[in-house]
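The structure appears right after this line, and notes come after that.
The values are calculated or read from the model by the stated rules, or taken from the named source; none is laboratory data. All values derive from a computational prediction rather than experimental measurement. Here the Cβ positions follow ideal geometry from the backbone for every residue, glycine too, while neighbour counts run over all protein chains shown. For accessibility, only protein heavy atoms count, side chains too; no ligands or nucleic acids. Shrake-Rupley method; radii C 1.70, N 1.55, O 1.52, S 1.80 Å.
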Amino acid sequence: MSQPTFTVADIRKTFLDFFASKGHTVVPSSSLVPGNDPTLMFTNSGMVQFKDVFLGEDKRPYVRAASVQACLRAGGKHNDLENVGYTARHHTFFEMLGNWSFGDYFKRESLKWAFELLTEVYKLPAEKLWATVYIEDDEPTTSGPRKSACRPSASCASATTRAGATCPTTSG
């Protein structure tokens, strides 16, 4: 089976269309220089434009959003400048694709949709995907057994062995 070829523009559009089909409002990228946040010199992640919503200081007319946010990392907490140019994944300017829920859905739906997007839309082979979970995340112990969608990594396996489940979730 041949893999589809996507341009960068295709990846952006496909991502936004996918989450729009899941009830998300497509929100344009905010400025690279945040206008209302004196704590940031530059927008350094996709969530910056929603910071006030997460802090409870603003409410949007939607509860789900999808965006392709222009970002710049130049130092501070996300200081990975020493890696820029040495690896294929460290850049100072990049676009972050994000799907956001403001109390409407949580990990279960987010994981299910991410797996659907990667395997059914972008056609990445599921057997090549690995999942990890934060070792101290106690959700696997409280949400019941899960059906494994891809091979768990060592950290996922150790966390879920303790919980008696596998990860990530792709079904109820």
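Here are the numbers for this structure:
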{"quantity": "Long-range neighbours under 9 Å by Cβ, at least six apart or interchain, first residue charged (D, E, K, R) within the range 94-109, second open to solvent by less than 70 Å² (accessible area, probe 1.4 Å) and assigned to a strand (DSSP E or B)", "calculated": "Glu95/Val68; Glu95/Gln69; Glu95/Ala70; Glu95/Cys71; Asp104/Arg64; Glu109/Ser101"}
{"quantity": "Condition met for Ser143 (open to solvent by 40 Å² or more (accessible area, probe 1.4 Å), modelled with pLDDT under 60 and not charged (D, E, K, R))", "calculated": "no"}
{"quantity": "Residue in the range 19-39 that is among the aromatic types (Phe, Trp, Tyr), over 19 Å from the mean Cα position of the chain (by Cα) and surrounded by 15 or more Cβ atoms within 10 Å (Cβ to Cβ) present", "calculated": "no"}
{"quantity": "Test for Leu16: is it in a loop (DSSP other than H, G, I, E, B), of a type in the set (A, V, I, L, M, F, W, C) and surrounded by 13 or more Cβ atoms within 10 Å (Cβ to Cβ)", "calculated": "no"}
{"quantity": "Hey, Met47 modelled with pLDDT of 90 or more and farther than 23 Å from Trp130 by Cα or not", "calculated": "yes"}
{"quantity": "Yes/no for Pro38 being modelled with pLDDT of 95 or more, in a loop (DSSP other than H, G, I, E, B) and farther than 25 Å from Ala131 by Cβ", "calculated": "no"}
{"quantity": "For Leu72: the one exception among (1) under 25 Å from Asp104 (Cα atoms); (2) touching a residue at least 40 places away in the same chain (Cβ under 8 Å)", "calculated": "(1)"}
{"quantity": "Residue count, the range 64-104 (criterion: modelled with pLDDT of 90 or more and open to solvent by 70 Å² or more (accessible area, probe 1.4 Å))", "calculated": "1"}
